[in-house]
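Undergrad: Take this structure, written in structure tokens, and hold onto it; I'll ask about it next.
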Amino acid sequence: MPMTDALASGTATGTATHCPYCALQCGMTLRPSAAGPGLDVTERPDFPVNKGALCGKGRTAPALLSARVRLTEPLVRNRDSGRLEPASWDEALDAVAEGLTRAAQAHGRDAVAVFGGGGLTNEKAYSLGKFARLVLGTSQIDYNGRFCMSSAAAAHQRAFGLDRGLPFPLEDVAATGCLVLVGSNLAETMPPALRYITELRRRGGTLIVIDPRRTRTAEQADLHLQPRPGTDLALALGILHLVVADGRTDEAFIAERTTGWPQARAAAMAHWPELVERITGVPVPQLRAAAAMFCDAPTSMVLTARGPEQQSKGTDTVGAWINLCLATGRAGRPLSGYGCLTGQGNGQGGREHGQKADQLPGYRKLDDPAARAHVAEVWGVDPDVLPAPGRSAYELLDALGGDIKALLVSGSNPVVSAPRAAHVERRLRALDFLAVADVVLSETAALADVVLPVAQWAEESGTTTNLEGRVLLRRKAVEPPPGVRTDLEVLGALATRLGWEKGFPADPQEVFDELRRASAGGPADYSGISYRRIAEEDGVFWPCAEGSEGTRRLFLDGFATPDGRARFAEVSHRPSAEEPDADYPLYLTTGRVLAQYQSGAQTRRVETLNKAAPGPFVELHPRLAAQLGVGDGDPVAVTSRRGRAVAPARISRGIRDDTVFMPFHWPGEGRANTLTNPALDPTSRMPEFKVCAVRVEAAT
Ligand SMILES: Nc1nc2c(c(=O)[nH]1)N[C@H]1C(S)=C(S)[C@@H](COP(=O)(O)OP(=O)(O)OC[C@H]3O[C@@H](n4cnc5c(=O)[nH]c(N)nc54)[C@H](O)[C@@H]3O)O[C@H]1N2
Ligand SMILES: Nc1nc2c(c(=O)[nH]1)N[C@H]1C(S)=C(S)[C@@H](COP(=O)(O)OP(=O)(O)OC[C@H]3O[C@@H](n4cnc5c(=O)[nH]c(N)nc54)[C@H](O)[C@@H]3O)O[C@H]1N2
Ligand code: SF4
Ligand SMILES: [Mo]
């Protein structure tokens, strides 16, 4: 197949591509709509990950392409009226170049920052990182993926020497003996993945779900443990304690394939069952049942999602779950292991190619001289021009208006999604200059001095890497509306204005070929992957060096550490940064609902999704509701040390009575992130989205 055919593939019968939203990256076919202008989504049963199944978000995704909901011309803030007004591309790009240059000239290059997103394609994420490091010469770049899987990524690196969400394809999940889902509500966050769980049960496998709420996912479980938010670390140690006490560790595996067991074992032995029951609220018999189910099965897996990860001890918590897998020989073997369910459409690839503060393409480290030399050579620059690692996402946002004076945002809406969002909103307003590239006028774009309307998903080609580490090709199905440019074109035009003479390619395939070279020899090696191969093979798994087939399953012959052994983490329970007290007596935890996506910037603009999930709510137990004198649907006020939010009560027996839950998809009065605590994990710099202390009252 010639190169161009990889992109054209399937056009006679529609364009085979992938969903714009989550990390499952479901395959779908787009066809011109029979009913009028626009595109229809049809199933693509041949694509192995979702086998045709789609959730409501995927099915309705073409609504995002409609000019009614999106930006179709650049906007520049009028200094006199203070309003955003339509402008030409030249005016808008000139204004961005001027705003960024002025800040750099007055305050130094690090006064200019970039904030990216895990929804951006690999090509965009790569180009954004290169733009920041070379054109702007700033160290200050990070992205919303820091808020997503950074704790699991750090724990993966520490234990296995490599970070890929799942070390095996999803099909293996259906064939394992016991699956433990820790803080994942995949029935709502990746609904087509439920088929793997149905298949697991059909084959006689067992499912344990760990979640403070009885979610739709927990309803599928053989055993549902309902811990207090923020106590997963103690829970994992408690289960490991029982495994050791019952003599069910795999000593041969420990001796041959791991290091650090004596320390990890000692830490687990200090977490005896009654203590763990006291910390977690999970009764000892349930801890025993979990330990037995895990060990009785011939193979077992632990998959974590944001529940245990978005904590100020997320890295250690994931480490504790990995310890359980290692101690029982359930890692680096067929149908067993630990994995993280990544989140955004390109949550995996978005963290590999250089938009993260400490990183260069190919998952290389910015502070590694050999990595700097390799990437600098591909970029045709001296390694010394590459800046040092910068600040993490929340720390960067917190510094806006301080030493950071100008910011370019691409692919994120932190006004809704960042922790302690009212403070972040104030920091954004304190900037000298803010530019936002987006598809819609998000709440963050609405604060900008310049808004750049960009093409999206079905209007351009590019690759994403799904939760399995499978690199996929999204194909262009329609032309973007007139007046809209691609992110790559925008970066190219800005680079030219900022005096970058080496060129900044706008063709995704050309960018991908450069990314392949930049990643060659790195941990996330894409050098053997091409658009053509992806089109022919339903995606290619990295690492994939030139000439390699790709790697569907990692670690079967050894871990990616220097000695090939997995490393136990030495971890102990510690409380959350903020525990309930007399003033703020309840836990708040946050998360998602089926019909909305993230900050809602996209899905709140889709009518059918909005009907299904029209606004925020506070989920609380009937006992707590009765104490507060609150009925279903009554407005309740939730107050934390950061602020106050109001939303209708949703009374549910499925939640612990010491905990309330809010989804975070909405701005305004019901914004959950007004309340959340930006306490950071010391290693991953992940904020504690999943636990803070609140007071709840009937709102009048
Ligand atoms: N519908 C929908 N789907 C999505 C998204 C979306 O916004 N909407 N976003 C995508 C992205 S980027 C991501 S990251 C994924 C996230 O996917 P998930 O991690 O499945 O989603 P969440 O709802 O954030 O959290 C999962 C569960 O963690 C539980 N939880 C809360 N606190 C704790 C705790 O302390 N311990 C434990 N064990 N559990 C806890 C919550 O009750 C919740 O049910 O979803 C992806 N898919
Ligand atoms: N309380 C609480 N807060 C959370 C979480 C939680 O569980 N609880 N979860 C966190 C997690 S896991 C995540 S991932 C973050 C996500 O939070 P955000 O970063 O706010 O995520 P999105 O709403 O997906 O924002 C993506 C933006 O990019 C735009 N966009 C879409 N496609 C393109 C494109 O091709 N180019 C450009 N330039 N823009 C595009 C969209 O319109 C949207 O405005 O939220 C975090 N915040
Ligand atoms: S599960 Fe995720 S990728 Fe699949 S259709 Fe739904 S939002 Fe899209
Ligand atoms: Mo995420």
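Undergrad: Which of THR198, THR249, THR42, THR15 comes first, and how do the rest follow, when ranked by fewest Cβ neighbours within 10 Å?
TA: Sorted ascending by nearby Cβ count, the order is THR198, THR42, THR249, THR15.
Undergrad: Let me ask you something else. Please label the shape of the stretch 249-316 as rounded, prolate or oblate, based on the square roots a ≥ b ≥ c of the eigenvalues of the alpha-carbon gyration tensor (a/c under 1.5 means rounded; beyond that, a/b larger than b/c means prolate, else oblate).
TA: Note, shape of the stretch 249-316 comes out rounded.
Undergrad: Past 30 Å, Cα to Cα: identify those pairs from LYS130/LYS690; LYS611/LYS690; LYS365/LYS476; LYS130/LYS476; LYS57/LYS124, in the order given.
TA: LYS130/LYS690; LYS365/LYS476
Undergrad: Which one, VAL660, MET190, SER684, is farthest towards the positive end of the dipole of the chain when Lys and Arg carry +1 and Asp and Glu -1 on their Cβ?
TA: Going by the charge dipole, the pick is VAL660.
Undergrad: Also, quick follow-up: Take the alpha carbon atoms of the stretch 548-613, find their center, do the same for the stretch 415-433, and report the distance between the two centers in whole angstrom.
TA: Result: 23 Å between the Cα centres.
Undergrad: How are the C-alpha pair distances of the stretch 564-675 spread across 5 Å bins, as whole percents from the shortest bin up?
TA: Binned Cα distances yield the sequence 2, 11, 19, 20, 17, 11, 7, 5, 4, 2, 1, 0.
Undergrad: A further question follows. Could you give the nm distance between label points at GLU171 and GLU256, where each point is 7 Å from its Cα heading toward the beta carbon?
TA: Spacing of the two 7 Å Cα→Cβ label points: 2.6 nm.
Undergrad: Something else about it: Only sites in a loop by DSSP and with at most 13 other Cβ atoms within 10 Å count here; which trypsin sites (Lys or Arg not before Pro) in the stretch 401-505 make the cut?
TA: LYS502
Undergrad: Need one word for the stretch 91-239: rounded, prolate or oblate. Basis is the Cα gyration tensor (sqrt eigenvalues a ≥ b ≥ c); a/c below 1.5 gives rounded, then a/b vs b/c decides.
TA: Prolate, because a/c is 1.5 or more and a/b exceeds b/c.
Undergrad: Sort 126-135, 71-80 by packing, meaning the average of other beta carbons within 10 Å per residue, with the highest value first.
TA: Per-residue mean Cβ counts within 10 Å order the peptides as 126-135, 71-80.
Undergrad: Give the long-range amide H neighbours of ALA647: residues separated by 5 or more places, or on another chain, with amide H under 5 Å away, using H modelled in the peptide plane at 1.01 Å from N.
TA: Under 5 Å from the amide H of ALA647 lie the amide H atoms of VAL636, VAL638, each far enough along the sequence or on another chain.
Undergrad: Which listed residue (THR317, GLN220, SER151) has the Cα farthest towards the positive end of the charge dipole for the stretch 150-341, taking +1 on Lys and Arg C-beta and -1 on Asp and Glu C-beta about the Cα centre?
TA: GLN220
Undergrad: Now for a different question. Taking the Cα centroid of the stretch 21-46 and of the stretch 70-92, what is the distance between the two, rounded to the nearest whole Å?
TA: So the two Cα centres are separated by 33 Å.
Undergrad: Taking the Cα centre of the chain as origin, work out the dipole magnitude from +1 charges on Lys and Arg Cβ and -1 charges on Asp and Glu Cβ, in debye rounded to 20.
TA: 1140
Undergrad: Continuing with this model, one more query. What trypsin sites (Lys or Arg not before Pro) in the stretch 556-665 are in a loop by DSSP, with at most 12 other Cβ atoms within 10 Å of the Cβ?
TA: ARG653
Undergrad: Could you tell me the largest-minus-smallest coordinate of the C-alpha atoms of the stretch 150-341 on each of the three principal axes, in descending order and whole angstroms?
TA: Largest to smallest, the principal-axis extents are 41, 35, 32 Å.
Undergrad: Sticking with this one: Calculate the translational D of the stretch 1-129 in whole µm² s⁻¹ from Stokes-Einstein, where the hydrodynamic radius comes from the Kirkwood formula applied to all Cα pairs, the temperature is 10 °C and the viscosity 1.306 mPa s.
TA: Using the Kirkwood radius from Cα pairs, D works out to 86 µm²/s.
Undergrad: Please state the charge dipole magnitude for the stretch 210-256, taken about the Cα centre, from unit charges on C-beta atoms (+1 on K and R, -1 on D and E), reported in debye and rounded to the nearest 20.
TA: 400
Undergrad: If you don't mind, there's one more thing I want to ask. At what distance in angstrom do the alpha carbon centres of the stretch 355-377 and the stretch 528-545 lie from each other?
TA: 23
Undergrad: Can you tell me the Rg and Dmax of the stretch 648-700, counting just the alpha carbons, in angstroms?
TA: Answer for the stretch 648-700, Rg first and Dmax second: 13.0, 42 Å.
Undergrad: Which semi-axes, in whole Å and largest first, does the equivalent ellipsoid of the chain have when worked out from the alpha carbon gyration tensor as the square roots of 5 times its eigenvalues?
TA: Semi-axes from the Cα gyration tensor: 37, 30, 25 Å.
Undergrad: Which of the aspartates and glutamates could a cross-linker span from LYS51 if the Cα-Cα distance has to be under 19 Å and same-chain partners fewer than 8 positions apart are dropped?
TA: ASP40, GLU43, GLU171, ASP172, GLU188, GLU199, GLU468, GLU536, GLU537, ASP538
Read-outs throughout are calculated quantities, based only on the coordinates presented, and are distinct from any laboratory measurement. Keep in mind it's a predicted model, so treat the numbers as computed, not measured. Glycine gets a Cβ as well: all are built from the backbone with ideal geometry, and neighbour counts include every protein chain shown.
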